[in-house]
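Data first, discussion second: the structure below is written as structure tokens.
The values are calculated or read from the model by the stated rules, or taken from the named source; none is laboratory data. For clarity, every value in this text was computed on a predicted model and none was experimentally measured. Note that we place each Cβ from the backbone using ideal geometry, even for glycine, and neighbour counts take in every protein chain shown. Protein only, heavy atoms only, side chains kept; ligands, DNA and RNA dropped before computing areas. Shrake-Rupley method; radii C 1.70, N 1.55, O 1.52, S 1.80 Å.
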Amino acid sequence: MIIVTAGHVDHGKTSLIQALTGTDADRLPEEKKRGMTIELGYAFMDLAGGERLAFVDVPGHSKFINTMLAGVSCAKHALLIIACDDGVMPQTHEHLAILQLLNLEHLIVVLTKQDKVDSERVEMVKLEVSELLATHQRQTDIYVVSAQTGFGISELNDAITQLAQMQITKLKQTREQASFRMAIDRAFSVKGAGLVVTGTVISGHVSQGQNLYLSGQRKPVKVRTLHSQGRVSDNAHHCQRVALNITGVDAHRGAERGDWLTELDHVVATIEAPKVICGVFESVLPFKHWQSVQVHLGNRHTTARLGLLQNLTDGSALVELQCEQALGCVEQDRIIVRDSAAKTTLGALRVLDLNPPTRAKRSDERLAYLEKLKQCDSLTASLKAQINHHCVSKSAFMWANQLTEQAACLTDEQLINLDGYLLSSALQQQIEAQLLALIADYHQQSPELLGLSINRLQRMTHNHYPLPVLLKLTDGLREQKLLQSTRGLLHLPRHNLALSDVEQLLWSQIKQQLISAKGPLWSSDLATELNLDLTVVRGLCRKLIQLGYLSAIIKDRFMLTESLYFYADVIRNQINTSGEIKTADFNSIIKLGRKASIQLLEFYDRSGLTWRKKKDNSRVIRDGSIFISSDLAEEHRS
């Protein structure tokens, strides 16, 4: 367990820690010379059962507020220290406001320097502190002590010990679902050992010999040895101070304050530290849309812009934070937001979404989704809201919440896992219905085309769904006989028709005509040769298109499908050789005339095989998975 201090400068924080632990947390010569804390200080108290309690001493001067924020960023328990002679001071107000924004679990108020005032002054300060706590809707015990005479230290020590034992017992009974994560607050070299980094374990546990990942580099680092709560140890866990001797750090970059150590690899999760973050903002002072601010998380801070999305009825707001530098945050982290001059604290942002959309940020659907995330009080509820809204990458969700594979929310039997993506049964049914509707609409609008490739179908959903999910769902629809695939193109089963004996004879004649012509023919040309009514020929051609024998490069102009596959290979070979294909080059190769060549190229554009560059009217490959000759041969064999 870790307890942080807070309070105005020269209110006796360091002296109190020394009275409790016997350790002077001020270690720098400049601190001893000036008689004030400048850097974070650490001290430890032994408890029963071999356990240890850690104290983090923070500076109280307003100029060192960044250091103070680094010290309390992961705090769950704090001592608010107020001198009896000064009473409540400006930094008392600010430090308490910051602790409130960090959702502190336990706060103990300590009135120091009792030996310098009379009992009447002590009662006045108690009343003043009680009023201050009431404004923050907090009730807590107030202890009066003197670090110089020892007055009240024993009672305070008993209260802290009781709290520590209770919390340590609670931690032992809690099943750890999160993976290891630590914010580095110091990095230094030790002769004979190498690089040592220190910090507070935010979640998970770490062991000697374990591989971890350092923000800013891809290769893992290895824990050679470690200290936990100031003692040599083989392992450490959540809510402990640790010092890790690590190897494998990039010599050019090194490790520094503000870096993160994690058990999960962000590269495997395909996630980079975000610069744009969505969340719910709990403000203590008014703010403006797109206001320039400074944000603090862990031991890192950067400038950012605060974009308002929607004000909520409870006084909070949904906002988007656009940071100048990436923050290594995860979901439910609390980011302290201060004004651009770093003089006042505006509020705290609770992270809801690490990957916000670039468009429709204020759409009704998006805002309703963020409000649902805001109301979630557990990982299970958060995951349920997400899988009902979109397909969730399992690795990305694990990273965004720093979870292990054994996390209870990931073992829910109601979760549908499709190739590494999690979704609900309701979302699965919604996607399947949308796919069938899109294909049906496509058949109605383009009856001359056989079907859609999976890549084009994904684009028609505006890329809302990952390709692996669509592949799995379309496979399932094919097993249910709701979809069919012909030569890599998806279509509805009703397009799978059979020819009558008369139609089979006419098809043989049409095929001979197209082979003799060596190019596309109009339906009117076919009707004249067959001596049939034009409507009869058009109906037959539509049937032949659905069977895959013919294809219409434009309305009423048809070509053998096998010829289209042949010319697709011509296009691929030319693009592989020259990087692109131009209309003139294609015409000179196939020798069907410029008009037919343009119609063919435009057909391939519509089908998704090629993409036309507007600048020079040339084509490049867009989707190389369609019009593959081997697919056509396989279809003929089947």
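If the only charges are +1 at each Lys and Arg Cβ and -1 at each Asp and Glu Cβ, what is the size of the charge dipole of region 29-143 around the Cα centre, to the nearest 20 debye?
300 debye
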> To the nearest Å, what is the center-to-center distance of region 387-422 and region 165-212, using C-alpha atoms only?
Replying inline: 25 Å
> In whole Å, what is the distance between the alpha-carbon centres of region 114-133 and region 227-260?
Replying inline: 41 Å
> If you average the sequence gap of Cα pairs under 8 Å that are 6 or more apart and divide by the length of region 480-601, what percent do you get for the contact order?
Replying inline: 19 percent
> How far is helix 90-101 tilted off the main Cα axis of the chain, in degrees rounded to 10, range 0 to 90?
Replying inline: 40 degrees
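Quick check on region 238-325: what does the Kirkwood estimate of hydrodynamic radius come out to from the alpha carbon pairs, in Å?
Numbers: mean 1/r = 0.0628 Å⁻¹.
Computed over region 238-325, the radius equals 15.9 Å.
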> Tell me, what ³J(HN,Hα) does each residue in region 503-516 have, in order and in whole Hz, if you take phi through Karplus 6.51 cos²θ - 1.76 cosθ + 1.60 with θ = phi - 60° and put x for Gly and Pro?
Replying inline: 5, 5, 5, 5, 4, 4, 5, 4, 4, 5, 4, 5, 5, 5
> With every protein chain left in place, what is the accessible area per residue of region 130-248 in square angstrom, probe 1.4 Å?
Replying inline: 52 Å²
>> Explain nothing, just the number: dipole magnitude of region 200-319 about its Cα centre with +1 on each Lys and Arg Cβ and -1 on each Asp and Glu Cβ, in debye rounded to the nearest 20.
In response: 320 debye
> Rounded to the nearest 20 Debye, what is the dipole magnitude of the chain about its Cα centre when Lys and Arg each give +1 and Asp and Glu each give -1 at the C-beta?
Replying inline: 2160 debye
> Where a ≥ b ≥ c are the square roots of the eigenvalues of the C-alpha gyration tensor, would you call region 179-241 rounded, which needs a/c under 1.5, or, failing that, prolate if a/b is larger than b/c, or oblate?
Replying inline: rounded
> All other residues with a Cβ under 14 Å from the Cβ of SER233 taken together, and with Lys, Arg as +1 and Asp, Glu as -1, what is their net charge?
Replying inline: +2
> Which FRET efficiency, nearest 0.05, do ASP616 and LEU367 yield, Cβ-Cβ r, R0 51 Å?
Replying inline: 0.70
> What accessible area per residue comes out for region 1-74, rounded to a whole number of Å², with a 1.4 Å probe?
Replying inline: 37 Å²
> Can you tell me the Rg and Dmax of region 387-530, counting just the alpha carbons, in angstroms?
Replying inline: 21.8, 72
> Quick one: in region 515-574, what % of C-alpha pairs are over 17 Å apart?
Replying inline: 39 percent
> How big is region 78-164 by Rg and Dmax over its Cα atoms, in Å?
Replying inline: 12.6, 35
>> Going by Cα centres, region 8-80 and region 547-581 are how many Å apart?
In response: 75 Å
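Once every DSSP H run of n ≥ 4 in the chain is given -39500 (n - 2.57) and the sum is divided by its residues, what mean residue ellipticity at 222 nm do you get, rounded to the nearest 500 deg cm²/dmol? Mind showing how you got there, number by number?
Working: 19 runs with 233 residues, N = 638.
The per-residue figure over the chain is -11500 deg cm²/dmol.
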>> Under 20 °C and 1.002 mPa s, how fast does region 267-426 diffuse according to Stokes-Einstein, given a Kirkwood radius computed over C-alpha pairs? Answer in µm²/s, whole number.
In response: 131 µm²/s
> Of all the accessible heavy-atom surface of the chain, with the other protein chains kept in place and a 1.4 Å probe, what percent is carbon and sulfur?
Replying inline: 48 percent
>> I'd like to know which of MET1, LEU560, LEU423 lies farthest towards the positive end of the charge dipole of the chain, counting +1 on Cβ of Lys and Arg and -1 on Cβ of Asp and Glu.
In response: LEU560
>> For region 381-444, place one equal point scatterer on every Cα, skip the solvent, and apply the Debye formula. What is log10 of I(q)/I(0) at q = 0.21 Å⁻¹?
In response: -0.81
> Where both partners of a DSSP beta bridge lie in region 1-64, what percent of those bridges are antiparallel, to the nearest 5?
Replying inline: 65 percent
> Using a Cα distance threshold of under 23 Å, what count of lysine pairs results for region 341-491 when pairs must be 8 or more residues apart or interchain?
Replying inline: 11
> If you bin the C-alpha pair distances of region 334-404 every 10 Å from 0, what whole percents do you get?
Replying inline: 16, 43, 29, 11, 0
>> On a straight-distance basis, which lysines could pair with LYS591 in a cross-link, Cα separation under 27 angstrom, same-chain partners fewer than 8 positions away excluded?
In response: LYS511, LYS518, LYS555, LYS582, LYS613, LYS614, LYS615
>> No solvent, one uniform scatterer per C-alpha: report log10 I(q)/I(0) for the chain via the Debye equation at q = 0.09, 0.12 1/Å, two decimals.
In response: -0.84, -1.21
> Is region 24-141 best put as rounded, prolate or oblate by its Cα gyration tensor, with a ≥ b ≥ c the root eigenvalues, rounded for a/c under 1.5, and otherwise prolate when a/b is larger than b/c, oblate when not?
Replying inline: rounded
>> Under 25 °C and 0.890 mPa s, how fast does region 2-50 diffuse according to Stokes-Einstein, given a Kirkwood radius computed over C-alpha pairs? Answer in µm²/s, whole number.
In response: 210 µm²/s
> Binned at 10 Å from 0, what are the whole-percent values of the Cα-Cα distance distribution for region 504-638, short to long?
Replying inline: 12, 42, 32, 13, 1
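At 1.4 Å probe size, with every protein chain present, just tell me what the per residue accessible area of region 522-638 comes to in Å².
About 51 Å² of surface per residue is accessible.
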